[in-house]
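Colleague: Please read through the structure below; I'll follow up with questions.
Read-outs: derived from the displayed coordinates by stated rules, not from any lab. Just so we're clear, the structure is a prediction, and the values are computed from it rather than from any experiment. Quick reminder, even Gly has a Cβ in these numbers, built from the backbone with ideal geometry, and neighbours come from all protein chains shown.
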Amino acid sequence: MAGNWLLPAETTSSGRPVLRPGEVESSLQPSVDLVNEEHPNLPILKSGLLVLTTHRLLWLPNPESATSPASAVPLATVTHIFQSKKSIKGMFASPRVRFQVSITPDGKVQERGSKSTVITLVFRGKSDPDSFVGKFWEAWRGRAWEGSVETGEGEPGRVELGDGGGSSSSDTGLALKMPVVGVSGILRKEQEMWESTDKSLQDAFQDLNALMSKAKEMVTLAEKMRQKLLSGSSSQANATNDEEMGSKEEMQDWLLSIGIVSPVTKESAGALYHQQLSRQLADFVKIPLERAGGIMNMIDIYCLFNRARGTELISPDDLLRACSLWDKFNVPVMLKKFESGVMVIQNKSHSDEEVFSRIRSLVQKPDALKTGVSATDAARTLGIAPAMAKEHLLAAESKGFLCRDVSPDGFRFYINIFQDIDPNDAYLVKEYGVYDAWIRAAIASR
């Protein structure tokens, strides 16, 4: 079994890999086989998604035909990457990338193992092996798994005028300013201006790099805190009061808004961009949907998702295409379009029948029988936004459950009593029916 010699890899409910703190995706390649050349008796991992990160090489099976578990090869175990040889025979075969990893005497992949074995990656789909190899070398040499690189406070050396050998005006603290005379003076003045601009740009980018490095550390720290809060919320549910639970939920929301550690980009995912974006979006919307009552409009999701992605913003068309792909994946969320044209994202467990039942109970209350209900009233009952509540009320009206009254004050919805009225005898009132309850409420209001 593949899991006996490769390390297992965790995946989310949508099939996305669970990344470690500080781990970032670098490249994604579809339809890749993973073969152990020196141990042909081991099963071949066929036609999986290969994900290269800064820490690991992940192989994820096809969800539709998952015969092998998700596996991982830590880059720390890689001892050598072989250069691909160009040949005429290779032009008609699938591209291959070979690398060597360290293993234990019993054949399991492990860092600093006593033995080694060669693993071959066979690219069967539409991919770019050359680009992958370049990023593979870069990730392996970067050694990001060893921790963040500490940057010194000293500035990198820069060559300036007068920094050559011998004495200069800077040695005595004197600045000799050459006069601008003739063409040579103009060129010297322009050169000094370019050097000053270059120095300013270097200082600016140095500060920006330091800021980005701290921002990455903060995102990693926030992810650790969020995972700790999520794991501790279930174990300490009985020992905490409502106020403490509320503060924890607020902290989770704040940490969630800090950002996604490794957002899917077109550069890293390539042709799989919308597919992987769809999976990452399905994982992201779980917590916001739970807090919003199981349904949110596309605009709110677009703003939340882009805020979490930081500088890697997506377009509304990318968001719509990503949501449209959920029908092909086994994810717990779905895209729904109301008859009015409004599109929302909701949990699959968010049943319309349950919503209609709660609306029926709301409109049959004595006060609602007299004055009806508004979208705001329904929003309080359903625990969703008023705009979404209005769409549910309109959907209930189209089903024949409600009647609508349009006035200068807005829409008011009432229970449909016409279903209980006998067309042959309009004065016949069925006992304990909706019509009877409406008459009793009208009499009580006098």
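Colleague: Of all the Cα-Cα pairs you can form in the stretch 299-380, what percent are over 17 Å apart?
Modeller: Details: 2081 of 3321 pairs.
The share of Cα pairs beyond 17 Å in the stretch 299-380 comes to 63 percent.
Colleague: Show me the GluC sites (Glu not before Pro) within the stretch 306-355 that DSSP assigns to loop and that have at most 16 other Cβ atoms within 10 Å of their Cβ. Provide the component values of the computation, followed by the final result.
Modeller: Values: sites: Glu312, Glu339, Glu353, Glu354; in loops: Glu312, Glu339.
Counting only loop positions with at most 16 other Cβ atoms within 10 Å, the GluC sites (Glu not before Pro) in the stretch 306-355 are Glu312, Glu339.
Colleague: Hey, what's the Kirkwood Rh for the stretch 7-152 if you take every pair of different alpha carbons, in angstrom? Intermediate values should be presented prior to the final figure.
Modeller: Numbers: mean 1/r = 0.0628 Å⁻¹.
Result for the stretch 7-152, one decimal place: 15.9 Å.
Colleague: Here's something else I'd like to know. Using 30 Å as the Cα-Cα cut-off, could you pick out the over-long pairs in Lys135/Lys336; Lys365/Lys390; Lys85/Lys115; Lys135/Lys286; Lys266/Lys328?
Modeller: Numbers: Lys135/Lys336 39 Å; Lys365/Lys390 19 Å; Lys85/Lys115 25 Å; Lys135/Lys286 32 Å; Lys266/Lys328 21 Å.
As for pairs spanning more than 30 Å Cα to Cα, those are Lys135/Lys336; Lys135/Lys286.
Colleague: So how long is each side of the stretch 266-347 along the principal axes, counting just the alpha-carbon atoms, biggest first, in Å?
Modeller: Computed over the stretch 266-347, the largest-to-smallest principal extents equal 35, 26, 22 Å.
Colleague: I've got another one for you. Express the Stokes-Einstein translational diffusion coefficient of the stretch 253-410 in µm² s⁻¹, to the nearest whole number, given a Kirkwood radius over alpha-carbon pairs, 37 °C and a viscosity of 0.692 mPa s. List each step's numbers first, then the result.
Modeller: Values: Rh = 17.1 Å.
The diffusion coefficient I find is 191 µm²/s.
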